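The values are calculated or read from the model by the stated rules, or taken from the named source; none is laboratory data. Worth saying up front: this structure is predicted, and the values here are computed from it rather than measured. Note that each Cβ is placed from the backbone with ideal geometry, even for glycine, and that neighbours are counted across all protein chains shown. With ligands, DNA and RNA removed, areas are computed over all heavy atoms of the protein, side chains included. Shrake-Rupley method; radii C 1.70, N 1.55, O 1.52, S 1.80 Å.
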Amino acid sequence: MAYQNLISEVKENILYVTINREKALNALNKDTLAELADVIAYAGKTEEVRGVILTGTGEKAFVAGADIKEFSEYNGKQGEELAKRGQDEVFNAIENSPKPFIAAVNGFALGGGLELAMACHIRIASDNAKLGLPEVTLGLIPGYGGTQRLTQLVGKGKAIEMITTANMITAAEAEKIGLVNHVVPPTDLISKAEEILNLVKQRAPLAVSAAIKAIIASVNNDNGYTTEIEAFGRCFETADFKEGVSAFVEKRKANFSGH
Ligand code: CAA
């Protein structure tokens with residue numbers, strides 16, 4: 001797919017998406033958000049895609065936030081619309097995607113950039129990355145789900161400290177508080193994400209999606225236990241369940257079809 005602000009390609013069932021506005025530190029302007037919405041929808045409906053790695057161009061930034069220059073003249077209604085649309089079409093769409101998304105955080109992940117990483121299911125950071133929600137320095141608050149997802153990931157106390165001080169934290173600190181899953185040298189960032197997705201790729205695709213859905217229902221207080229019960233039941237109807245059990249009994253590796 002050809003985009004103006006993204007590079008996207010599928011290799012060995014992984015969709016690689018790179019936000020490509022290096023001069024603006026990959027800030028999320030409207031066009032980039034629209035392209036992200038498109039590529040997220042593509043990932044969701046394309047059987048060949050088994051997982052997504054999302055990163056930013058260059059060595060300096062993953063994403064330095066929403067594009068501040070674009071909304072400097074906004075009023076309250078426009079601000080609300082920006083947040084709602086962004087949340088619906090991009091941030092919640094990633095979280096609710098049937099495909100696992102890994103954020104490979106290659107530098108600054110600030111404001112909307114950290115919110116984007118937090119919407120992904122797993123975060124890997126390079127050891128030089130810096131993470132923060134600095135919106136209060138602009139007289140704003142996070143608008144792409146940051147108040148909610150940071151609290152879910154690190155708890156109320158740390159979330160309030162990070163958001164109200166606007167302090168950036170290092171990748172090491174982010175790992176310590178559970179904001180990122182792993183910290184690696186910059187040269188190992190993509191390979192670490194691939195290592196994880198290559199394991200996930202060997203598992204039953206529908207079961208992977210169902211498990212993520214139940215976990216997300218839990219953190220969003222959306223009937224997590226009921227979601228789990230129903231999804232558990234549906235798994236029994238899949239060809240992959242039959243294959244998984246047959247493979248176990250026959251002492252061979254399962255070959256899942258995703259059906
Ligand atoms: N929006 C638009 N442009 C941005 C940007 C952003 N979020 N972040 C950086 N840029 C641009 C700069 O304006 C600059 O462009 P010019 O060369 O044309 O002036 C270029 O990227 C390089 O940035 P700096 O010169 O500032 O680089 P630096 O090394 O001195 O500082 C930085 C790096 C600390 C990341 C700094 O750029 C910065 O603080 N950026 C803004 C971070 C921020 O406040 N993000 C939150 C945005 S609001 C938001 O995200 C709201 C929401 O939740 C929905």
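Annotations for the structure displayed:
- Isotropically averaged projected area of the range 163-211, using the convex hull of Cα atoms (one quarter of hull area), nm²: 5.0 nm²
- Report summary: the helix-based calculation at 222 nm, which adds -39500 (n - 2.57) for every DSSP H run with n ≥ 4 and divides by the residues of the chain, gives -13000 deg cm²/dmol.
- The Stokes-Einstein estimate for the range 205-249, based on a Kirkwood radius over Cα pairs and taken at 4 °C with 1.567 mPa s viscosity, is a diffusion coefficient of 118 µm²/s.
- DSSP bridge pairs, the range 6-200: antiparallel proportion in percent, nearest 5: 30 percent
- Given the chain, longest segment not containing exposed loop trypsin sites (Lys or Arg not before Pro) (DSSP; at most 12 other Cβ within 10 Å): 1-250
- For the range 135-147, 3J(HN,Hα) computed residue by residue from phi via the Karplus equation (6.51, -1.76, 1.60; θ = phi - 60°) reads 4, 5, 6, 9, x, 10, 10, x, x, 10, x, x, 5 Hz, glycine and proline entered as x.
- Local net charge near residue 9, Cβ-Cβ under 15 Å (Lys/Arg +1, Asp/Glu -1): -3
- Solvent-accessible surface of the chain, taken per residue with a 1.4 Å probe and all protein chains present: 52 Å².
- With every protein chain in place, the range 198-259: carbon and sulfur % of accessible area (1.4 Å): 61 percent
- With N the number of residues in the range 132-218, Rg(Cα) / (2.2 N^0.38 Å) evaluates to 1.33.
- Contact order relative to length of the range 95-167, as percent, for alpha carbon pairs under 8 angstrom and 6 or more apart: 31 percent
- Pairs of Cα atoms in the range 108-167 fall into 10 Å distance bins, from 0 up to the last occupied one, in shares of 24, 61, 16 percent.
- The value of relative contact order for the chain, using C-alpha pairs under 8 Å at least six residues apart, is 15 percent.
- As a size descriptor, the averaged projected area of the C-alpha convex hull of the range 100-259 was calculated at 10.6 nm².
- Which listed pairs, of 201/242; 84/192; 130/192, have C-alpha distances above 24 Å, in listed order: 84/192
- From phi via Karplus (6.51, -1.76, 1.60), per-residue ³J(HN,Hα) for the range 195-209 in Hz, x at Gly/Pro: 4, 5, 5, 5, 6, 4, 4, 7, 8, 6, x, 5, 5, 4, 4
- A cut-off of 5 Å between modelled amide H atoms, ignoring neighbours fewer than 5 places along the same chain, links residue 66 with 28, 112, 113.
- If you run the Gaussian network model on the chain, springs between alpha carbon atoms under 10 Å, then out of 197, 206, 140 the most flexible one is 140.
- Each residue of the range 36-45 is assigned a 3J(HN,Hα), and the resulting list reads 4, 4, 5, 6, 5, 4, 4, 4, x, 9 Hz, derived from the Karplus form 6.51 cos²θ - 1.76 cosθ + 1.60 (θ = phi - 60°), x at Gly and Pro.
- Eigenvalues of the alpha-carbon gyration tensor of the range 6-200, scaled by 5 and square-rooted, set the equivalent ellipsoid semi-axes at 24, 20, 15 angstrom, largest first.
- Percent carbon-and-sulfur accessible area, the range 1-152, ignoring ligands, DNA and RNA, probe 1.4 Å: 49 percent
- Calculated P(r) of the range 38-145 - Cα pairs past 25 Å, %: 23 percent
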